[in-house]
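A short worksheet on the structure shown next.
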């Protein structure tokens, strides 16, 4: 669901194909019949934007027919935990949870907490809801639990009530999915889950690029926990990333609200005045996040070296603190208002790749300077003379620098792929002419900036002055023309971490300390370079074809599957011989198996939780979800999310339909950008009656920068088109290959109509709703050019991860051309 | 005397025969990614053929040609009702069949078309004079003449070489190498044929009743052109994929055609004699 894997991950799709050949059932739930649908055993149509209703339907199916994996759910999830008395579910409150403040459009999640005395991390969990920072600590008490699951405020009963109305009939009404197909999906999932069998769910941006994307993934998490599919071979939820190393870019990261390794970025709003306060509030006493101070201090030591001392909080004050939302979408809006002076763009192409293209391009005109670093001249670099707005170059005040960069084969480095696997690749050839690797550009920019600020005494410049910045190799590599290339391995070693005193690489993050004696750039990557000359990401041992632990390096600590403790029963025996993965070996007194256990290695299954400990000591020997404060998989999320503890169906911000489940139409906390240049259609807008979804095709790549300059790829998908059903085409008098104009409240574009049975109308309560599809690969540079689908997309933000909603919005179409 | 000729003309002995090599293209595994098309063009340095959308599903390649040696077809099927019953999207990577009795080779008057030691059909570019006889001879419409403007000598014939240069170095042809789902399988033809029979039985057992093999020695399509060394597993009738049910070999019908030509000639002569003869 939410993924077109065959088209967008064709190489990875060989594995589902192999599984299919060995008898697995592939189900594709998608608004379009795509190449993935063609390869699937079962295609199930769903209206864009209704994924939570569908998954909620499955959850209800499993709960109401008592098909959940009892032993797993009782032992490994928070089903038995009891929730606060103040909690009011969306079911009883018109689609809104307790704690909502309509004025600020945000939730106070205090009432979602576990029942009992106030917990130490509750108050700041809302503030620190970075990726992975999900902690309510049961530290001061064990959460109140009812193992019979009968307590009305137990998570299990709340869950049951919350999804009771998500019936197969409701799914048909909301999603437009025929009831019999939905029931077929439910049946296949249930039959392929349990002790002997497991099912996996794959998703991609079809889920994330919605105004409640994180909640869709949560819904999948609930379903997989109920079916016992987490932490087990063949199970899990697979996030298919959109680019080759986008996983790496969130790990290291390029996200504004995170420091490397998913540590929350210090923030003024959260009151992170001192390192001590930041660490106290960010660390969670229960679970592995209790180690946060070790990771943070080691990070500061990696960044500031000898200048970071205990007396100056290891340089904590040199890190700029967040003052608000600095995400891409918000920054684009600010840029359009002239609030941003300069912009450096690496491998990104907002002029046609980001939502509301017209606004994005206008934003570029407001800059003083723009540096575009890419393989080709992007739409972003060329807006000043080639944008469809037809601006006169003499009227553009922005000074633009286009820096040519190196392709993957022209530089050393790592890719981190979807399953957290780091693979190192070697440079094969020098980049042409003046082109340099991204690493070269960043390194030499930093070097020159440091030289410029060498003598500055201003406090805000001290961080730059003290930044460690020594990545040039000891010996220059005489094979290459470019002699001042920094060493990618030196960067990887810094990420791995070392002791400060003797600069010895550490074996993994267990060796990190919070007293300044270790330095580590990205704690989760620690172990990738455990010894001189031992780059684990270089390993290419094919192994058994099963876990293949010696191929590359998988974070954390080369574990291939997270939470794999859940692959055994509470006593440490595999749930089944067929699905065995790791297990407790009583003779040796440790966990062993095919993969590295994601659990303290000698902690016996019957270990009771320590009442006065910290970290995973607070968990029992049968609590597999070690990053969680209570060690359990969260069916109900007492904290960590900004839009509710349970996934709830809302309509997209733009929808032709009314929410059939709740009076509340759309996400109460998704961010809109109510501005003149970003109008959003009201629900059921008669002027824009059709749903539109955007996507990619195999032949082109994202905004086209890497594919529209390649003749062999361009000829395969040469023109922008809209996919529409024969039914809609007939209604509008459109023939295949006719020119059509697609319009939204933001803009209008012209393209060819590709009339195909692969698109279909959806029926909702007898009403027919049409959906059209738009690939977004084209722009105004390259061998092939064409209209930009993103011009139609509204600026908006999902509240947890700040992503725009472009998988479901509304449009109109007509036959003809713009002019 | 022949030996002397060979010595004087510096004629190399042909390389020793190898096991026949070919492709088994299993369309039930194709995901239509077109990696084969791109890999083929990249390895063989073939140019892009222009940037025009066809509107025929996702097929913007159109057909095999002088500079397109792999072509992925897209066939959309569904009942024209709202539930789209029996919806399928068939994909098939087409290629030169490297027929055992190759019509193009028989039609070639210059000897430019040869059978290699791998039992594949290959055009020697330094010998082809661009006569074009091979083009109408091919019952599959595979071989094609180079356009007037382009990187090849205008008019010369081109088609898949089964990556002859790669075979010489014991490498897998570019298309098969790049195929992510093993839809294109390369190997010894006999072994591939056995694999194909097993695969068909497997699919039939799974309920793919429409599945069939195309180009096997026992198939009726092999009656004239012989077994195809690039053969296919199809999920529908050959016509669905633009493949002839019975590919003809021009030679087989030549006597008949000469006969017809002669008869027509005689007929015209008779009519001429009758019409013009009287005037005298």
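Values quoted throughout were computed directly from the atomic coordinates according to the rules given, and no laboratory measurement underlies them. On a predicted model such as this, the values are computed, not experimentally measured, just so you know. Reconstructed Cβ throughout: ideal geometry from the backbone, glycine too, with neighbour counts over all protein chains shown.
Summary of computed values
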| item | result |
| --- | --- |
| Hull-based mean projected area of the range A:5-239, where the convex hull spans the alpha carbons, in square nanometres | 13.6 nm² |
| Test item: B:27-38 mean partner chain Cβ contacts at 10 Å | 6 |
| Nitroxide proxy distance, nm - points 7 Å out along Cα→Cβ at residue A:42 and residue A:86 | 4.4 nm |
| Longest to shortest principal axis, alpha-carbon extents of the range A:206-248, angstrom | 29, 24, 14 |
| Relative contact order (percent, whole number), chain A, Cα cutoff 8 Å, 6+ residue spacing | 16 percent |
| Three semi-axes of the equivalent ellipsoid, the range A:1-53, Cα gyration tensor, whole Å, largest first | 20, 12, 9 |
| Where labels lie 7 Å past Cα in the beta-carbon direction, separation of residue A:580 and residue A:731 in nm | 5.8 nm |
| Förster-model FRET efficiency, 30 Å R0, residue A:419 and residue A:606, C-beta, rounded to 0.05 | 0.40 |
| MRE, 222 nm, helices only [DSSP H, n ≥ 4, -39500 (n - 2.57), over chain B, to nearest 500] | -8000 deg cm²/dmol |
| Selected from B:211, B:201, B:262 as most flexible by GNM, with chain B as the system and alpha-carbon contacts under 10 Å | B:262 |
| Under 17 Å from the residue A:180 label point (7 Å along Cα→beta-carbon), backbone N, the range A:748-768 | A:763 |
| Highest average packing first - B:243-249, A:286-292, Cβ atoms within 10 Å | A:286-292, B:243-249 |
| DSSP bridge orientation in chain A - percent antiparallel, rounded to nearest 5 | 55 percent |
| Zero-based 10 Å bins, Cα pair distances in chain A, whole percents | 2, 12, 22, 26, 22, 12, 3, 0 |
| Convex hull volume per residue in cubic angstrom - Cα atoms of the range A:667-805 | 135 Å³ |
| Stretch gain in nm, segment residue B:6-residue B:131, where the contour uses 0.36 nm per residue and the Cα spacing is subtracted | 42.3 nm |
| All-pairs alpha carbon distance profile, the range A:339-469, 5 Å steps from 0, percent | 2, 9, 15, 15, 15, 15, 15, 10, 3, 0 |
| Residue A:444-residue A:395 pseudo-label distance in nm [points 7 Å out on the Cα-to-Cβ vector] | 3.7 nm |
| Those residues of the range A:732-762 whose amide nitrogen sits under 16 Å from the label point placed on residue B:76, 7 Å along Cα→Cβ | A:732-740, A:752-762 |
| Average silhouette area of chain B, convex hull of alpha-carbon atoms, in square nanometres | 23.2 nm² |
| Neighbouring partner chain Cβ atoms per residue of A:747-760, average, 10 Å criterion | 3 |
| Equivalent-ellipsoid semi-axes of the range B:157-274, from the Cα gyration tensor, Å, largest first | 40, 21, 12 |
| Part-to-part distance (alpha-carbon centres) for the range B:250-280 and the range A:1-53, which is given in Å | 63 Å |
| Computed E for residue B:124/residue B:56 - FRET, C-beta separation, R0 25 angstrom, nearest 0.05 | 0.15 |
| Rounded Å value of the spacing that divides the Cα centres of the range A:770-810 and the range B:1-56 | 40 Å |
| Residue-averaged beta-carbon neighbours from other chains (10 angstrom radius) around B:52-62 | 5 |
| GNM flexibility winner over chain B from B:157, B:78, B:230 (Cα, springs under 10 Å) | B:78 |
| Equivalent ellipsoid semi-axes, the range A:250-386, via Cα gyration tensor eigenvalues times 5, rooted, Å | 36, 15, 14 |
| Estimated [θ] at 222 nm from DSSP helical runs (n ≥ 4, -39500 (n - 2.57)) normalised by residues in chain A, nearest 500 | -6000 deg cm²/dmol |
| Centre separation in Å (Cα based) which lies between the range A:601-619 and the range A:666-683 | 47 Å |
